[in-house]
Amino acid sequence: TLTFEVQDDDGDWSAPAIQLLTIIEPPLEIIRDNSDTGPTETSRTGEWEVSGGANPFDPDDPDRNSLWARGGNDEFFWYFTAPQTGDYEVWEWHSQWTSRTSAAPFEISHADGTTDYPVNQQMNAGDWNSMGIFPFVAGETYYVKVTSVNDSSSTCADAVKWSLVAPGNDPPTATIDSIAPNPATEGDTVIFAGSGSDTDGTVVSYRWSEGTDVLSTSASFFTNSLAIGTHTISFEVQD
């Protein structure tokens with residue numbers, strides 16, 4: 001909460017003007033450049049050559065460049081392990097060269113499968129080009145792949161970016177802490193204890209079941225009415 005006041009020539013102060021200022025975190029972004037050569041960052045097959053094309057990603061860094069290939073037998077992969085579940089916008093960056101293809105065949109993997117997206121690399125060089133918004137799951141690894149076109153034009157492999165646009169929900173985790181005694185004699189009181197955790201919220205509900213029968217909706221409960229035999233008990237939590 002910011003306040004602003006003024007003082008007149010008689011020494012009196014005005015009533016304060018008040019304005020709220022909110023500072024938010026910047027959007028979550030992950031960028032992979034062709035120069036990132038770690039096994040979890042990029043990989044390639046075929047013959048990719050260093051390009052002299054103008055405006056590769058991060059032109060102020062002398063170690064940055066772009067690559068090119070032609071012939072249809074060359075593939076370049078950028079890898080992404082989602083730090084947070086949600087929808088991400090996927091972007092491509094290419095450098096400028098007169099022979100660039102008008103339909104670079106990109107393939108985007110995501111939580112729902114894969115999507116093909118042709119990029120016109122004759123246009124909008126030296127900038128981010130959106131290839132769409134897709135769902136991703138935290139902890140899972142995905143890729144973006146470009147394949148060289150099988151003609152006289154050149155295909156550029158430069159940089160790819162994933163930008164979080166809509167955070168998703170990570171499901172909670174249920175844990176059966178104990179079932180005792182186990183095994184039990186008919187008529188014994190058996191105590192069931194469970195717990196749950198949620199990485200992006202709190203656990204609010206519990207459910208113990210045997211098949212379609214709900215035994216309890218508490219984290220812990222006891223019963224002495226189980227019949228002789230083996231029982232398969234499930235425990236779930238809800239965030």
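The values are calculated or read from the model by the stated rules, or taken from the named source; none is laboratory data. From a predicted model like this one, the values you see are computed outputs, not experimental measurements. Here Cβ is always computed from backbone atoms with ideal geometry, including for glycine, and neighbour counts include all displayed protein chains. These accessible areas exclude ligands, DNA and RNA; they are computed on the full protein's heavy atoms, side chains included. Shrake-Rupley method; radii C 1.70, N 1.55, O 1.52, S 1.80 Å.
Out of the residues in segment 116-148 that are β-branched (Val, Ile, Thr) and within 23 Å of residue 48 (Cβ to Cβ), which is surrounded by the fewest Cβ atoms within 10 Å (Cβ to Cβ)? Walk me through how you get there before you give the answer.
Taking segment 116-148 and keeping what is β-branched (Val, Ile, Thr), we get 119, 133, 137, 141, 144, 146-147.
Now restrict to residues that are within 23 Å of residue 48 (Cβ to Cβ): 119, 141, 144, 146-147.
Values: 119: 23, 141: 11, 144: 26, 146: 28, 147: 20.
Selected residue: 141.
Taking the residues in segment 83-103 that are at pLDDT below 95 and outside any strand (DSSP E or B) as candidates, determine which candidate is surrounded by the most Cβ atoms within 10 Å (Cβ to Cβ). Write out each step before concluding.
Going residue by residue through segment 83-103, those that are at pLDDT below 95 are 83-87.
Narrowing further to those that are outside any strand (DSSP E or B): 83-85.
Working: 83: 13, 84: 16, 85: 21.
Across segment 83-103, the extreme among qualifying residues is 85.
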- Task: Select from segment 104-115 the residues that are crowded, with 18+ Cβ neighbours inside 10 Å and among the aliphatic types (A, V, I, L, M) and list them in ascending order.
- Result: 104, 108
- Note on the structure: The lone condition residue 60 fails out of (1) exposed (fewer than 13 other Cβ atoms within 10 Å of the Cβ); (2) more than 24 Å from residue 123 (Cα to Cα) is (2)
- Could you list all residues from segment 158-201 that are over 30 Å from residue 53 (Cβ atoms) and of a type in the set (A, V, I, L, M)? 166, 174, 176, 179, 180, 184, 190, 191, 193
- Which of the residues spanning segment 176-198 are touching a residue at least 40 places away in the same chain (Cβ under 8 Å) and assigned to a loop (DSSP other than H, G, I, E, B)? 184, 186, 198
- Item | Residue within segment 48-65 that is among the basic types (Lys, Arg), assigned to a strand (DSSP E or B) and under 26 Å from the mean Cα position of the chain (by Cα) present | no
- Flagged pairs (Cβ under 6 angstrom, 6 or more apart or on separate chains; first in segment 218-239, open to solvent by less than 90 Å² (accessible area, probe 1.4 Å) and modelled with pLDDT under 95; second assigned to a loop (DSSP other than H, G, I, E, B) and of a type in the set (D, E, K, R)) are 239/198
- Message: Among the numbered criteria (1) in a loop (DSSP other than H, G, I, E, B); (2) of a type outside the set (Ser, Thr, Tyr); (3) within 17 Å of the chain's Cα centre (by Cα); (4) surrounded by fewer than 17 Cβ atoms within 10 Å (Cβ to Cβ), which one does residue 170 miss?
- Response: (4)
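What about residue 77, is it in contact with an Asp or Glu (Cβ under 9 Å, 6 or more places away or on another chain), among the aromatic types (Phe, Trp, Tyr) and over 30 Å from residue 198 (Cβ atoms)?
No, not satisfied.
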- Query: Which members of segment 7-37 meet the condition of being part of a loop (DSSP other than H, G, I, E, B), at pLDDT 85 or above and surrounded by fewer than 10 Cβ atoms within 10 Å (Cβ to Cβ)?
  - Reply: 8, 9, 10, 11, 12, 15
- Query: Any residue at all in segment 167-187 that is of a type outside the set (Gly, Ala, Ser), modelled with pLDDT of 95 or more and touching a Leu at 6+ places or on another chain (Cβ under 9 Å)?
  - Reply: no
- Query: Considering only segment 104-158, how many residues are assigned to a loop (DSSP other than H, G, I, E, B), among the β-branched types (Val, Ile, Thr) and farther than 16 Å from residue 87 by Cβ?
  - Reply: 1
- Can you find even one residue in segment 119-129 that is under 28 Å from residue 201 (Cα atoms) and out of contact with any Ser or Thr (no Cβ under 9 Å at 6 or more places or on another chain)? no
